[in-house]
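The values are calculated or read from the model by the stated rules, or taken from the named source; none is laboratory data. Model, not experiment: these values are computed from the prediction. Every residue, glycine as well, gets a Cβ built from its backbone with ideal geometry; the counts of neighbours run over all protein chains shown.
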Amino acid sequence: MNRRTFLKNTVAASLAGARAANVFSQTSAPGQSAKLARIGISTWSFHNFYTPTRDDNAPPLSGKPYDARDFPDMIADRYHVHEMEIVAPHISPESSYIRDLKARLERAHSRLVNIPVDIPELDEGGGLSDPDPKLREKIISACTKWIDIAHELGARSVRCDPGKINPADLSPTASSYRALASYGASKNIFVVIENHGGVGSEHPEELVALFKAVGKNCGALPDFGNFPDEATRQEGLKELFPFAHAVCHAKGLKFDDKGNEAAFDFAQCVRTSKAAGFKGVYSIEYEGEGDPYQGVQHVVDELMRYL
């Protein structure tokens, strides 16, 4: 069944997701099941097909590099998934590009749930946690431009990494996120922080302390995979999911030759999210070896099994 036939089917039930003091309206695309409406797919799953994010050791491309404007149609046709996550390096900030991408999302009956703001400014100094207020202001300004883009594209949230957090003094980090959260609220965009890159993976309680210090319109983007061991994963997700409202990352699983799941307890990750009352989108970020198309399908299947 292709997407055009698929979209003619009946309309599924609406879903609502809580978002801090606001509410995310999460209505299924035409013909989409309630479970599929909770599943998203990130362009990062196919990052080696996009010129800006190719790994140094990636095999040569056999065709043209991917263009994020083609992503909504590709994902809707192949997986019947209509929630999208597109990383900032895959989006041109040019106005004409943004208009075209927005039109392509609408044509596919798809929506952008989140933009991971992976920009060079966040790597300057200590990033949003740097003690220098002038440097932080520069980085905040760069992030607010992506909040504007997210708003234009109809996204619900942006992910901005905090840089080098000092757990003994969260005041610089909290100040940056209060500014971002305030600006995001004016655009109806939630600001999220992921447990990755050395932040919140081994010590998720540090992120919890930050969320409490920042207050409104700032929360977690829990990632199933970014933990050093299973015990930390399960306890960490219990701590992070109460602060998650828009999106989480259903990290791509590893599978053996027979297609059997390995690596970590995926089912328990989903159960933990449910116990916390998470009503957002499970965005698939496949990073395993082999064919990413098949890897993404494996995670779609697992989510359909446990949601």
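Below is a table of values for the structure above.
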item	result
Failed item, numbered, when Glu239 is tested on (1) out of contact with any Lys or Arg (no Cβ under 9 Å at 6 or more places or on another chain); (2) under 23 Å from Val270 (Cβ atoms); (3) of a type outside the set (S, T, N, Q); (4) crowded, with 23+ Cβ neighbours inside 10 Å	(4)
Residue among Leu105, Leu112, Leu122, Leu135 that alone is crowded, with 21+ Cβ neighbours inside 10 Å, in a helix (DSSP H, G or I), on the phi < 0 side of the Ramachandran plot and not acidic (Asp, Glu)	Leu105
Matching entry among Val117, Val113 (being over 25 Å from His203 (Cα atoms) and out of contact with any Pro (no Cβ under 9 Å at 6 or more places or on another chain))	Val113
One residue from Ile119, Ile139 being over 21 Å from Lys35 (Cα atoms), in contact (Cβ under 8 Å) with a residue 24 or more places away in the chain and touching a Gly at 6+ places or on another chain (Cβ under 9 Å)	Ile139
Number of the condition not met by Ala174 [criteria: (1) in contact with a Lys or Arg (Cβ under 8 Å, 6 or more places away or on another chain); (2) more than 18 Å from Lys187 (Cβ to Cβ); (3) touching a residue at least 40 places away in the same chain (Cβ under 8 Å); (4) not charged (D, E, K, R)]	(1)
Any hit, the range 41-52, residues being modelled with pLDDT of 95 or more and in a loop (DSSP other than H, G, I, E, B)	yes
Residue within the range 209-228 that is over 25 Å from Lys279 (Cβ atoms), part of a loop (DSSP other than H, G, I, E, B), under 19 Å from the mean Cα position of the chain (by Cα) and touching a residue at least 24 places away in the same chain (Cβ under 8 Å) present	no
Residue in the range 257-272 that is at pLDDT 95 or above and touching a strand residue (DSSP E or B) at 6+ places or on another chain (Cβ under 7 Å) present	no
Boolean, Ala250 is in a strand (DSSP E or B), buried (at least 20 other Cβ atoms within 10 Å of the Cβ), modelled with pLDDT of 95 or more and hydrophobic (A, V, I, L, M, F, W, C)	yes
